[in-house]
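Quick notes on the structure that follows.
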Amino acid sequence: MSIPVDPRQRARARRAAGVVSDFDGARLALGRRLRGMPRTRLAEQAEVSAAAITQFERGDARPTSPVLAAIALALQFPREFFLRGATIERIPTSAAYFRSLRSTSALVRDQALAFAELAAAVVEAIEQYVELPAIRVPTHPVEEPQNPDDIAAAAAEARRELGLGAGPIGHVVRTMEAAGIVVLELPEEYDTARGLDAFSSRHSARPVALLSDSKHDKARSRFDAAHELGHLVMHPDAEPGSKLMEDDAHAFAAQFLAPDAELVPHLPTRFEWGPLLELKRHWGVSVKSLAFRAHRSGRWSDAQYRRAMQTLASEGPGERGGLGPREEPAMLGRAAALIEGAGWDLDDIAKSCHLPTAAVRQVITAGTERRPRLQL
């Protein structure tokens, strides 16, 4: 083989010789988004141009081994993470229902979506070892303009198709998991202080709903879960981002948790703590939600509703009559326990999808009930 004489040709030959042949640009994009790092900052730390990072992510170019080592160090992922392995499909923003779309920065949304993509890859790997519940998410699209009766009907049909009878729902998150939905609690780095609340998507092989772990009130956590279920049921093909769609999901959650026909006749005709707290405990919904339903149904006047809201506001943060800790997902934690009981471990799952064990553990933890269990 001839040796290039021109210095530029020699430099190109040296670079080509050190190029990482099995590099996966999509995984670089995923790792960068998981860390919430702009391309410009990653480029500075890797000592390359931002254009080079873009080319790497698009697959138009591949980094050399030293550059990949610098990238891996900057993003705190092992080098192997960036090599070709199981395909991790990207979830576009247009396929995710963000609760607080307008108040959430694109960078924060992108980071949360990257976690959802990572979770989808881990779930796919888990399904090689254990059979998860079949996907049976009802679909009842609601046409615009929104009709409250249509939303109530969609909620009623969803209850029937999910095997729920009359009365309160014992555990909303478990109901969703039993329908094959992957429910996760967002890790601490995606907290509501950064403007992110909750979101869901049907884009992956399994529908996914990610909830905030900062809401310790059980009533609020149940409503959040039912809200995301509403999006999955009513908006399977709609473009997210509309306030009307968020209003739809709120109305669905209210009707799904406590249908009008069963709740409204029992609402008091004025603000009374005793009856309201009794209904709160029975249905697992907040007093604020009950007050809204009393006003919307016509049992309370505008003046009564305003006074009720003033009374609730005067109580300060939190609400009287707490129901205990928030509802938590459990499906992935239980699946991991079954896998380990069969003689496998998280390292095996990580190897099967070519991901770091720490990343697999983070996803499984996000889908694991963390309440302490009493051993007798």
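What to note about this one:
- Test for residue 32: is it within 24 Å of residue 107 (Cβ to Cβ) and out of contact with any Gly (no Cβ under 8 Å at 6 or more places or on another chain): yes
- Some residue of region 169-190 being more than 30 Å from residue 345 (Cβ to Cβ) and surrounded by fewer than 17 Cβ atoms within 10 Å (Cβ to Cβ): yes
- All positions within region 92-109 that are over 12 Å from the mean Cα position of the chain (by Cα) and either of a type outside the set (Gly, Ala, Ser) or open to solvent by less than 50 Å² (accessible area, probe 1.4 Å) (or both): 92, 93, 95, 100, 101, 102, 104, 107, 108
- Condition met for residue 98 (modelled with pLDDT of 85 or more and aromatic (Phe, Trp, Tyr)): no
- Scanning region 63-83 turns up one or more residues that are loosely packed, with under 13 Cβ neighbours inside 10 Å and of a type in the set (A, V, I, L, M).
- Among the candidates 47, 157, residue that is over 16 Å from the mean Cα position of the chain (by Cα) and farther than 30 Å from residue 257 by Cβ: 47
- Residue match in region 216-232 (condition: under 22 Å from the mean Cα position of the chain (by Cα), assigned to a loop (DSSP other than H, G, I, E, B), surrounded by fewer than 23 Cβ atoms within 10 Å (Cβ to Cβ) and of a type outside the set (Phe, Trp, Tyr)): yes
- Only listed residue being among the aliphatic types (A, V, I, L, M), at pLDDT below 95 and within 29 Å of residue 122 (Cβ to Cβ), chosen from 253, 193, 226: 193
- Residues satisfying the stated conditions in region 111-136, i.e. surrounded by 18 or more Cβ atoms within 10 Å (Cβ to Cβ) and touching a Lys or Arg at 6+ places or on another chain (Cβ under 8 Å): 111, 113, 114, 117, 120, 123
- In region 23-53, the qualifying residues are those that are β-branched (Val, Ile, Thr) and within 24 Å of residue 189 (Cβ to Cβ), and the one that is surrounded by the fewest Cβ atoms within 10 Å (Cβ to Cβ) is 40.
- Every pair of residues 6+ apart whose Cβ atoms lie under 9 Å, when the first sits in region 108-127 and is closer than 20 Å to residue 357 by Cβ while the second is aromatic (Phe, Trp, Tyr): 115/190; 116/199
The values are calculated or read from the model by the stated rules, or taken from the named source; none is laboratory data. Quick caveat, the model's predicted, so the values are computed rather than measured. Backbone-built Cβ (ideal geometry, glycine too); neighbour counts: all protein chains shown. Only protein heavy atoms, including side chains, enter the accessible area calculation; ligands, DNA and RNA are left aside. Shrake-Rupley method; radii C 1.70, N 1.55, O 1.52, S 1.80 Å.
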